[in-house]
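The values are calculated or read from the model by the stated rules, or taken from the named source; none is laboratory data. Values in this document were obtained by computation on a predicted structure and should not be read as measured data. Cβ coordinates were reconstructed from backbone atoms using ideal geometry, including for glycine residues, and neighbour counts include every protein chain displayed. Please note that ligands, DNA and RNA were not included when accessible areas were found on the heavy atoms of the full protein model with its side chains. Shrake-Rupley method; radii C 1.70, N 1.55, O 1.52, S 1.80 Å.
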Number of protein chains: 4
Amino acid sequence: MTSRKQEKFEMILDAAEKVIAENGFHGSQVARIAKEAGVADGTIYLYFKNKEDILISLFQNRLGSLVESFKNNISEEDSAEEALYKICDIHFSLLEENIHLAYVTQIELRQSSLELRKAIGQAVKPYIQLIEHILIKGVADGSFRRNLDTRLTRQLIFGAMDEVVTSWLISGQKYSLTAQVANTVDFFIRGLK
Amino acid sequence: MTSRKQEKFEMILDAAEKVIAENGFHGSQVARIAKEAGVADGTIYLYFKNKEDILISLFQNRLGSLVESFKNNISEEDSAEEALYKICDIHFSLLEENIHLAYVTQIELRQSSLELRKAIGQAVKPYIQLIEHILIKGVADGSFRRNLDTRLTRQLIFGAMDEVVTSWLISGQKYSLTAQVANTVDFFIRGLK
Amino acid sequence: MTSRKQEKFEMILDAAEKVIAENGFHGSQVARIAKEAGVADGTIYLYFKNKEDILISLFQNRLGSLVESFKNNISEEDSAEEALYKICDIHFSLLEENIHLAYVTQIELRQSSLELRKAIGQAVKPYIQLIEHILIKGVADGSFRRNLDTRLTRQLIFGAMDEVVTSWLISGQKYSLTAQVANTVDFFIRGLK
Amino acid sequence: MTSRKQEKFEMILDAAEKVIAENGFHGSQVARIAKEAGVADGTIYLYFKNKEDILISLFQNRLGSLVESFKNNISEEDSAEEALYKICDIHFSLLEENIHLAYVTQIELRQSSLELRKAIGQAVKPYIQLIEHILIKGVADGSFRRNLDTRLTRQLIFGAMDEVVTSWLISGQKYSLTAQVANTVDFFIRGLK
DNA sequence: CATGAATGAGGATTCATTCAT
DNA sequence: AATGAATGAATCCTCATTCAT
């Protein structure tokens, strides 16, 4: 992809994030996104297969940033506990800082067909695998208990964090999300030991 | 509500559960639900405000059964740990036994506006409060640690269970959901102590 | 079909004939036809499967009238020659009297997929068979020659009449169509003897 | 037109014939024709005014070949009857040999606006005039009857042949088209005498 | 209470055509 | 002469909801 194409691709993605966060996925007409991005309606379809593809691409792109952020902040020398803390911290911070993105991931992205849910599942996989990687490492170095079911536990951890974010969002962000990091991770660590 | 009305109300709800589970919320036309229930299209609107109201009512009704089940199975004499185990067990069992209901609650019900999400949140509240009630009891009788943030933890527990169910569903139910109960609760208990 | 339904069905058909004749099939929006018929857009779809179905139904309906007209005007006692004359006369007269219908059958109806052409072919079949019936009768009573290939000839006759109508229409109806009946039939009769 | 231009013009025409025969006129995107011809989309518009112009040009070009073929095969010394036979024979043979062309002329070319129909009429004119020329010659040399309406008859003959071709095409070419020449011309000759 | 015919708003997508390079 | 990225107009059909019977 040329940088010219890449540039326009991201313009549309930014526009989509804004419009979808404000109006919801079903409430966001392609024409509206095009206008916000400053391109013609038809141009959207030179970069995305269809409307749903915009949503998927948006999610993949943003999740990529999250994973990127993990790579930059978590070193292999960090203990499993520290790594888990950082993951939760980055996760909560990112969404608290970017309320548009939070709406899209927690509310709009869920308004999707089973088909789409599976595609999203694929995109989330690297993240969930990262959590499992840390769990395995913790078990190996003795930080966590031996009999830990890492496949199940990675889901428990992801699901717990996800619910905290959604509850915070639905509450109208009346409290600090990042303030929940310590207790959340504490709960996890205890469960893991 | 007369029993005559009540009866038809439930006929429509049963029809809706079946149709929505098979076709998804957006794929379920009111006309289709009416036909399945054996009533005229217009009749639906004598019992429900609109299409979304069917979904909410369905959820409330089924959640009522779940809470009912808790009341019948959990006694005040049960220890907090036992109660938590039963909650998770009943939760997983109910959805494993009723795949239609599982689809509706985990997939279709999420395909909804922020508005609807709030209504659903209201319906889930008693359940989440039940979890918190157990947590508080556990703290009180010394089963759980004193400094537990019960508001946050009830979300963590609910979110973790919810994610396990959704993952199981999206996987295509390739493994037993109830088989996850023991490890799931174990993780919670450790986190709570 | 109740007479209530039948009535609305024909209202829509009449509206479609008018609108399509004036604007062509591709130039006729369903909304426009609905407005002309005095019904809502959606109502159209209670009576017709889709836009193309309106065109097919229109053709079938009008062709039915034509065949009806033949039945009323041609008696079994008529000689084959007389019958052929009447057919051509009724055919030309009907289209000359109803220029809207002429446009639809000669121009718009041809603007169609191979699929549709086959459907139209089915509708025309009774008419072409009627021509063949007359040819066979003429051969039987000695009016026409024995070695006549009736399958081929019915096509020659239908195609010849069809072309005369289309040419007249494209010319802008600068001359009388019915004035061509005598010479047209004369040509046929000679070819048949 | 330079031979360079001429060459590319014909490349596009060949591509159009192939694509339109396979997908129909409405199903043939300009981009598809361009790709088949190995040129850029925009290049098409250096050689043709618009999409419809491609169809007209294609028809004119192919009809030119037909008339060319007549000139090469019909001599002024041929009797009117012989000439008529040759015309029908060449007409049927050409289309039977080139099924792509047959689809385009009999089906796709008819899917057109009144506007286009008139342009096609212009292109067909030389052919119809050729038929009339033969009729006049036949009347002059006494082969055909004196009172023949040559304007009408040329239409009857053209329409009859056209219908035979279309019927053969829609039938799925289940029988030989050229096998119909003898009986077809026989019918004409009788009608002309 | 119940019916079901009628309504009509609403939107993703295609594709012929243009024009800056 | 040629390119091909960008344009943006244009429309069929669905389906939640109503209301006269």
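Scanning region C:107-138 for residues that are under 14 Å from the mean Cα position of the chain (by Cα), modelled with pLDDT under 80 and part of a helix (DSSP H, G or I) yields C:Glu108, C:Leu109, C:Arg110, C:Arg117, C:Ala119.
Within region C:59-82, none of the residues are within 14 Å of another protein chain (Cβ to nearest Cβ) and closer than 24 Å to D:Asp162 by Cβ. For A:Ser143, the stated conditions hold: it is hydroxyl-bearing (Ser, Thr, Tyr), assigned by TED's automatic domain parsing to the domain that holds A:Gln129 and not in a helix (DSSP H, G or I). Of all residues in region C:36-58, those that are within 14 Å of chain D (Cβ to nearest Cβ) have Cβ atoms under 7 Å from Cβ atoms of residues that are near DNA strand F (Cβ under 8 Å from one of its atoms) and open to solvent by less than 70 Å² (accessible area, probe 1.4 Å), 6 or more apart or on another chain, in C:Lys51/C:Val30.
Can you tell me which of D:Ala80, D:Ala31 is in contact (Cβ under 8 Å) with a residue 24 or more places away in the chain and either farther than 20 Å from C:Arg117 by Cβ or away from DNA strand F (no atom under 16 Å from the Cβ) (or both)? Being in contact (Cβ under 8 Å) with a residue 24 or more places away in the chain and either farther than 20 Å from C:Arg117 by Cβ or away from DNA strand F (no atom under 16 Å from the Cβ) (or both) holds for just one of D:Ala80, D:Ala31, which is D:Ala80. Those residues that are more than 16 Å from DNA strand E (Cβ to nearest atom) and touching an Asp or Glu at 6+ places or on another chain (Cβ under 8 Å), I need them from region B:12-26; list them, please. Correct list: B:Lys18, B:Val19, B:Ile20, B:Ala21, B:Gly24, B:Phe25. Please work out if D:Lys137 is touching a residue at least 12 places away in the same chain (Cβ under 8 Å) and at the interface with another protein chain (Cβ under 7 Å from one of its Cβ atoms). When the stated conditions are applied, D:Lys137 does not pass them.
Let's see how each residue does on (1) within 16 Å of DNA strand E (Cβ to nearest atom); (2) open to solvent by 50 Å² or more (accessible area, probe 1.4 Å); (3) assigned to a loop (DSSP other than H, G, I, E, B):
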site: D:Ser28; (1), (2), (3): yes, no, yes
site: D:Lys35; (1), (2), (3): yes, yes, no
site: D:Ile44; (1), (2), (3): yes, no, no
site: D:Asp53; (1), (2), (3): yes, no, no
site: D:Ile56; (1), (2), (3): yes, no, no
site: D:Ser69; (1), (2), (3): no, no, no
site: D:Asn72; (1), (2), (3): no, yes, no
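Close Cβ contacts (under 8 Å, 6 or more residues apart or on different chains) running from residues in region D:164-193 that are more than 10 Å from chain C (Cβ to nearest Cβ) and in a helix (DSSP H, G or I) to residues that are among the hydroxyl-bearing types (Ser, Thr, Tyr) and surrounded by fewer than 16 Cβ atoms within 10 Å (Cβ to Cβ) comprise D:Thr178/D:Ser93.
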